[in-house]
Amino acid sequence: CSCGQTMSLCKYWSQLIPAIQNQRGQTSKQKYTTLYEQAVAVEGKHMFVDSSKNIRTLLTLQHLHQQGKIELQTLFLVRDVRSWVLSRKRLASMTDTHRPVWWSMLVWYRDNKKITQALKKHAISHMNVSYDLMMQDVEGYLQKILEYVGAAKQTAILKQIPNTHIAFGNRMKKYGQGLKLRYDDSWKQSKKNSIYYNLLFFVKKCNQEIQK
């Protein structure tokens, strides 16, 4: 955990682990409700942030919202397709799973289209969050998010990260310990990206609409 302890000794996760282990036989909605209630009780706070990138989880949250058990505010974080493709290309070079640029753009389109269609189909109110715009003014953009979700404005939000309990592989748990935020705009120099971006007009249109 980002607090420096293993999960079994962390004051936060050590209280959640028993609730997670006792969920056998429960439906996904029951499991989530149990975990949510336990997490809020442990922290003693009313706001719970789920950073899942899973439509099924979102629909579970929407169900709880419709039942009046939670107030749901949805953030749709998306990265410019050209920037995302370059990031995937670098990752592929380390894992030897290279895919053509056009293929990666189609994967980006498919995944984000599924999300936008689910949001529309289930009438889920949300705020589009542009990763690229946020990286140009992190603190300012985070304040806009706080305003959207109805939370009080805070100063030096990023300095609070080391005091949280982030587990597993999220690199942000090391923010302030040598990890700095930096936006990589080298994708703007890729001619191949630019060519496929303009040829795949439906991908370009989707990218422009989401980035608004």
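The values are calculated or read from the model by the stated rules, or taken from the named source; none is laboratory data. Predicted, not measured: the structure shown is a model, and the values here were computed from it. Glycine also receives a Cβ, built like all others from the backbone with ideal geometry; neighbour counts cover every protein chain displayed. All accessible areas refer to the heavy atoms of the entire protein, side chains included, with ligands and DNA or RNA removed. Shrake-Rupley method; radii C 1.70, N 1.55, O 1.52, S 1.80 Å.
Is the shape of the range 88-141 best called rounded, prolate or oblate, per the rule: a/c under 1.5 gives rounded, else a/b larger than b/c gives prolate, else oblate, with a ≥ b ≥ c the square roots of the Cα gyration tensor eigenvalues? Working shown, then result.
Details: a/c = 3.47, a/b = 1.33, b/c = 2.61.
The shape class here is oblate.
Just reorder HIS98, HIS46, HIS165, HIS63 by solvent-accessible area, largest first, 1.4 Å probe, all chains present. Write out the running numbers ahead of the final one.
Details: HIS98 120, HIS46 155, HIS165 40, HIS63 60 Å².
The ordering from most to least exposed comes out as HIS46, HIS98, HIS63, HIS165.
If you count only protein heavy atoms and use a 1.4 Å probe, how large is the accessible surface of LYS192, to the nearest 10 Å²?
120
Going by a ≥ b ≥ c, the root eigenvalues of the Cα gyration tensor, does the range 1-127 fall in the rounded group (a/c under 1.5), the prolate group (a/b larger than b/c) or the oblate group?
Numbers: a/c = 2.41, a/b = 1.44, b/c = 1.67.
Judged from the Cα gyration tensor, the range 1-127 comes out oblate (a/c at least 1.5, b/c at or above a/b).
Roughly how many percent of the accessible protein surface of the range 24-144 is carbon and sulfur, given a 1.4 Å probe and a whole-percent answer? Show your work: numbers first, answer last.
Working: 4120 of 7980 Å².
On the range 24-144, the fraction of accessible area on carbon and sulfur atoms equals 52 percent.
Sort LYS89, LYS53, LYS31 by accessible area with a 1.4 Å probe, largest first. Please report the intermediate quantities before stating the final value.
Values: LYS89 110, LYS53 190, LYS31 80 Å².
Accessible-area ranking of LYS89, LYS53, LYS31, largest first: LYS53, LYS89, LYS31.
Report the gain in length on full extension from SER14 to TRP103: 0.36 nm times residue separation, minus Cα-Cα distance, nm rounded to one decimal. Let's see the in-between values first.
Details: separation 89, 0.36 × 89 = 32.04 nm, distance 4.26 nm.
Working it through step by step, the gained length comes to 27.8 nm.
For every helix of n ≥ 4 consecutive DSSP H residues, a contribution of -39,500 (n - 2.57) applies; sum these over the chain, divide by its total residues, and give [θ] at 222 nm rounded to the nearest 500 deg cm²/dmol. Don't jump to the answer; show the numbers that get you there.
Working: 9 runs with 109 residues, N = 212.
Only helices count here, giving -16000 deg cm²/dmol.
What distance in nm separates the simple spin-label points at PHE202 and PHE76, each placed 7 Å from Cα in the Cβ direction?
About 1.7 nm, to one decimal.
So I have (1) 27.0, 102; (2) 19.3, 53; (3) 19.9, 60, and one of them is Rg and Dmax of the Cα atoms in Å calculated from this model. Which one is it?
Entry (2).
Relative to the longest principal axis of the C-alpha atoms of the chain, give the angle of the C-alpha long axis of helix 81-95, reported between 0 and 90° and rounded to the nearest 10°.
80
Which length gain, in nm to one decimal place, applies between GLN117 and ASP132 when the Cα-Cα distance is subtracted from 0.36 nm times their residue separation? All intermediate terms of the calculation are to be shown ahead of the outcome.
Numbers: separation 15, 0.36 × 15 = 5.40 nm, distance 2.22 nm.
Computed gain between GLN117 and ASP132 is 3.2 nm.
Among LEU61, ILE20, ILE195, whose Cα sits farthest toward the positive end of the charge dipole of the chain (+1 at Cβ of Lys/Arg, -1 at Cβ of Asp/Glu, about the Cα centre)?
Ranked along the dipole, the leading option is ILE195.
What does the charge dipole of the chain about its Cα centre add up to, to the nearest 20 debye, if the Cβ of each Lys and Arg holds +1 and the Cβ of each Asp and Glu holds -1?
Numbers: 33 positive and 14 negative charges, 141 e Å.
Roughly 680 debye for the chain.
Can you list residues whose amide H is under 5 Å from VAL129's amide H, if they're 5+ apart or on another chain and H is modeled 1.01 Å from N?
PHE76, LEU77, VAL78
Can you tell me the dipole magnitude for the range 76-153 around its Cα centre, using point charges on the Cβ only (Lys, Arg +1; Asp, Glu -1), in Debye to the nearest 20? Don't jump to the answer; show the numbers that get you there.
Details: 13 positive and 7 negative charges, 85 e Å.
So the dipole magnitude of the range 76-153 works out to roughly 400 debye.
In the structure shown, do any of LYS121/LYS192; LYS120/LYS204; LYS113/LYS212; LYS89/LYS192; LYS45/LYS114; LYS69/LYS121 have a Cα-Cα gap over 23 Å, and if so which? The partial results should precede the final answer.
Details: LYS121/LYS192 35 Å; LYS120/LYS204 20 Å; LYS113/LYS212 15 Å; LYS89/LYS192 12 Å; LYS45/LYS114 32 Å; LYS69/LYS121 21 Å.
In this structure, LYS121/LYS192; LYS45/LYS114 lie more than 23 Å apart at Cα.
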